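The next block holds one structure in the form of structure tokens; read it before the comments.
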Amino acid sequence: MSDSSSGMPLAEVLQILHEARQDEVVVATMGSGREWSKFPPHPLDLVYVPSSMGQATSVGLGIALAQPDRKVVVCNGDGSMLMNLGSLVTITSRQPENLIVLLMDNGIYEVTGRQSTPGSATLRADGRSVDFVAIARSCGFEAIFEFAELDDWRESVADVLQTRGPVFCCLKVESVEGEVAPRSPGPAWERAARLRAALSGG
């Protein structure tokens with residue numbers, strides 16, 4: 001599979017997640033954040049835009065540790081994941097049973113100009129993409145999934161959401177052409193306050 005020319009449509013991948021989602025917190029950033037913002041808003045959404053690129057997994061971990069009885073789903077990109085690979089080690093050191101990391105892997109920095117990532121086959125001497133599943137496994141994840149077909153993802157999304165974490169799930173997606181960069185859905189402090197109130201039942 002090439003890095004950006006094949007895979008599942010990102011919007012459809014997230015639509016399947018949106019339909020399966022119940023009361024999970026969803027942290028979405030970069031391209032996933034842009035697409036997630038097109039769905040009706042949910043009080044347990046945190047569209048992490050503008051963001052410090054790569055920090056969504058750390059934010060999700062913090063929420064998961066503070067809210068151990070609530071599932072937390074992080075929709076991350078492969079470029080963002082490369083910015084903070086160390087967070088995978090931190091996650092497995094804490095072993096939050098309620099945290100799910102969904103990695104949208106298309107091999108490019110989609111929202112900053114569609115540059116190939118250092119993990120893409122096009123920038124690697126051996127012509128092979130970095131294996132994020134192998135990285136997650138070596139970091140200590142035991143619950144690991146990988147999907148490249150929409151039907152498989154649709155059939156399995158409920159199982160992924162119900163699996164005891166920490167969970168790592170790699171989703172091979174297509175790049176999205178012609179889309180603008182994600183925009184902030186409002187002042188960050190207001191969004192954080194709304195999420196805090198929703199988590200506390202206020």
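Things worth noting here:
- Sole residue being under 13 Å from the mean Cα position of the chain (by Cα), closer than 20 Å to residue 167 by Cβ, at pLDDT below 95 and not hydrophobic (A, V, I, L, M, F, W, C), chosen from 58, 32: 32
- Inter-residue pairs, beta-carbon under 8 Å, first under 15 Å from residue 105 (Cβ atoms) and in contact (Cβ under 8 Å) with a residue 12 or more places away in the chain and in the range 121-148, second assigned to a helix (DSSP H, G or I) and acidic (Asp, Glu), 6+ apart: 132/78
- As a summary of the residue check, residue 146 satisfies the conditions (1) part of a loop (DSSP other than H, G, I, E, B); (2) touching a strand residue (DSSP E or B) at 6+ places or on another chain (Cβ under 7 Å); (3) among the acidic types (Asp, Glu) except for the one numbered (1).
- Matching residues, the range 42-66, being part of a loop (DSSP other than H, G, I, E, B), without any contact (Cβ under 8 Å) to a residue 40 or more places away in the chain and surrounded by fewer than 22 Cβ atoms within 10 Å (Cβ to Cβ): 42, 51, 52, 53, 54, 55
- Selected residue [in contact with a Pro (Cβ under 9 Å, 6 or more places away or on another chain) and at pLDDT below 90] from 96, 50, 68: 50
- Considering residues of the range 67-96 that are within 24 Å of residue 18 (Cβ to Cβ) and among the hydrophobic types (A, V, I, L, M, F, W, C) only, the residue surrounded by the fewest Cβ atoms within 10 Å (Cβ to Cβ): 73
The values are calculated or read from the model by the stated rules, or taken from the named source; none is laboratory data. Note that this is a predicted model, so its numbers are computed, not measured. Counting neighbours? That spans all protein chains shown, and the Cβs are built from the backbone with ideal geometry, glycine included.
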